[in-house]
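Scroll down for the structure; my scribbles are underneath it.
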Amino acid sequence: MQAFGDLLPEWTVEQAEAELRAQRDGEIPCTWLAEDDDGWLGSVSLLHDDHEQIRGWSPWLASLYVQPQARGRGIGAQLVAHCVVAAARLGVPRLYLYCEAAMLPWYRALGWEEHQQLQLGPLAITVMRIDPAVGSIVSMGETAPLPNPPLRALHEREGVVPGN
């Protein structure tokens, strides 16, 4: 919640928990967690809509977050790749995300391309896109499950909500 507070100030913990608990693996929406023996490292979601001001495109890789102590270990790239592969398996022809300018090179390196620049509330953002069938090959070399840290669909962990 803290990571997205500026963009979604009205979004409550209770709303987030309800949304996450309603998800099922193999369907949109779905959220995956990266974990190790010490707990939650990060998460990413595949959503129909990411923000009310940008509903013209769908679906979205959204809410990518890696805990500060876990950054620099490739976890974010693994989460992105896992989401792209899941989208490919669901037959998604084009997947979108949005980010600020500082993240453009990172996403480009993962095979994403710029789609459109917009102002979203207080943020100047770039909407990016990828063809999941091609992007999963670029990101991972093949469409196979990712290595450690294990990624699990949220519903596989009863009662686990990122950030709690």
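The values are calculated or read from the model by the stated rules, or taken from the named source; none is laboratory data. Here the structure is a predicted model, which means the values were calculated and not measured. All Cβ positions, glycine included, derive from the backbone under ideal geometry; neighbour counts span all protein chains shown.
Could you tell me whether Gly76 is touching a helix residue (DSSP H, G or I) at 6+ places or on another chain (Cβ under 6 Å) and of a type in the set (Gly, Ala, Ser)?
Working: touching a helix residue (DSSP H, G or I) at 6+ places or on another chain (Cβ under 6 Å): no; of a type in the set (Gly, Ala, Ser): yes.
Considered against the rule, which asks whether it is touching a helix residue (DSSP H, G or I) at 6+ places or on another chain (Cβ under 6 Å) and of a type in the set (Gly, Ala, Ser), Gly76 comes out as no.
Can you tell me which of Val138, Val80, Val85, Val92 is within 23 Å of Gln23 (Cβ to Cβ), modelled with pLDDT under 95 and either hydroxyl-bearing (Ser, Thr, Tyr) or surrounded by 14 or more Cβ atoms within 10 Å (Cβ to Cβ) (or both)?
Numbers: Val138 fails: within 23 Å of Gln23 (Cβ to Cβ); Val80 fails: modelled with pLDDT under 95; Val92 fails: modelled with pLDDT under 95.
That would be Val85, the only listed residue that is within 23 Å of Gln23 (Cβ to Cβ), modelled with pLDDT under 95 and either hydroxyl-bearing (Ser, Thr, Tyr) or surrounded by 14 or more Cβ atoms within 10 Å (Cβ to Cβ) (or both).
Quick one: is Ala34 in a helix (DSSP H, G or I) and either under 14 Å from the mean Cα position of the chain (by Cα) or modelled with pLDDT of 90 or more (or both)?
no
Need pairs with beta-carbon distance below 9 Å; first residue among the aliphatic types (A, V, I, L, M) and within the stretch 32-44, second modelled with pLDDT of 90 or more and surrounded by fewer than 13 Cβ atoms within 10 Å (Cβ to Cβ); sequence gap 6+ or separate chains.
These pairs meet every condition: Leu41/Gln69.
Given the criterion modelled with pLDDT of 90 or more and surrounded by fewer than 17 Cβ atoms within 10 Å (Cβ to Cβ), identify the matching residue among Arg55, Arg21, Arg71. I'd like the intermediate steps shown before the answer.
Values: Arg55 fails: modelled with pLDDT of 90 or more; Arg21 fails: modelled with pLDDT of 90 or more.
So the residue among Arg55, Arg21, Arg71 that is modelled with pLDDT of 90 or more and surrounded by fewer than 17 Cβ atoms within 10 Å (Cβ to Cβ) is Arg71.
For Leu47, all conditions in the list (1) within 27 Å of Arg21 (Cα to Cα); (2) surrounded by fewer than 14 Cβ atoms within 10 Å (Cβ to Cβ) hold save one; what is the number of the exception?
Of everything listed in (1) within 27 Å of Arg21 (Cα to Cα); (2) surrounded by fewer than 14 Cβ atoms within 10 Å (Cβ to Cβ), Leu47 misses just condition (2).
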